[in-house]
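Scroll down for the structure; my scribbles are underneath it.
Each reported figure results from applying straightforward, stated rules to the coordinates on display, with no laboratory input. Fair warning: this is a prediction, and the values are worked out from it, not measured in the lab. Ideal geometry is used to build each Cβ from the backbone, glycine not excepted, and the neighbour counts take in all protein chains shown.
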Amino acid sequence: WITCPVLMSVGLQDDVCPPRTSFAPYNAVKSKKDYRVYPLAGHGVWREHGPLKDQWMAKMLGVNRLGEN
């Protein structure tokens, strides 16, 4: 079903979406995928994950950084 590259992240301190609930969806993805674990993060991992997500997305799009052609 999912054919595009996937980047997933989880904060191990997340009390909204328990980390154990993300492993089955990740394992079901058959396309190229990456999983990042943030041991000290809760539900909002954006501060930690944002820069990595931007770099990953730029790489997938074939640009040096987002916003460039």
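Within 14 Å, Cβ to Cβ, of Trp56, how many net charges do the neighbouring residues add up to if Lys/Arg are +1 and Asp/Glu are -1? Spell out each step's value before the answer.
Details: positive: Lys32, Lys33, Arg36, Lys53, Lys59, Arg65; negative: Asp34, Glu48, Asp54.
Counting the neighbours of Trp56, the net charge comes to +3.
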Can you tell me which of Val29, Val16, Val37 moves the most in a GNM of the chain? Springs connect C-alpha atoms under 10 Å apart. Val16
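Counting other Cβ atoms within 10 Å of each Cβ, which chymotrypsin sites (Phe, Trp or Tyr not before Pro) in the chain have at most 11 and sit in a DSSP loop? The partial results should precede the final answer.
Numbers: sites: Trp1, Phe23, Tyr26, Tyr35, Trp46, Trp56; in loops: Trp1.
In loop regions of the chain (DSSP not H, G, I, E or B), the sparsely surrounded chymotrypsin sites (Phe, Trp or Tyr not before Pro) are Trp1.
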On a 0 to 90 degree scale, rounded to 10, what angle separates helix 46-61 from the longest Cα axis of the chain? 40 degrees
Loop-only check: which trypsin sites (Lys or Arg not before Pro) in the stretch 1-39 are DSSP coil with at most 10 other Cβ within 10 angstrom? Lys30
Identify which of the listed values of Rg and Dmax of the Cα atoms in Å was calculated from the structure shown: [x] 14.6, 47; [y] 10.1, 26; [z] 13.2, 39. [z]
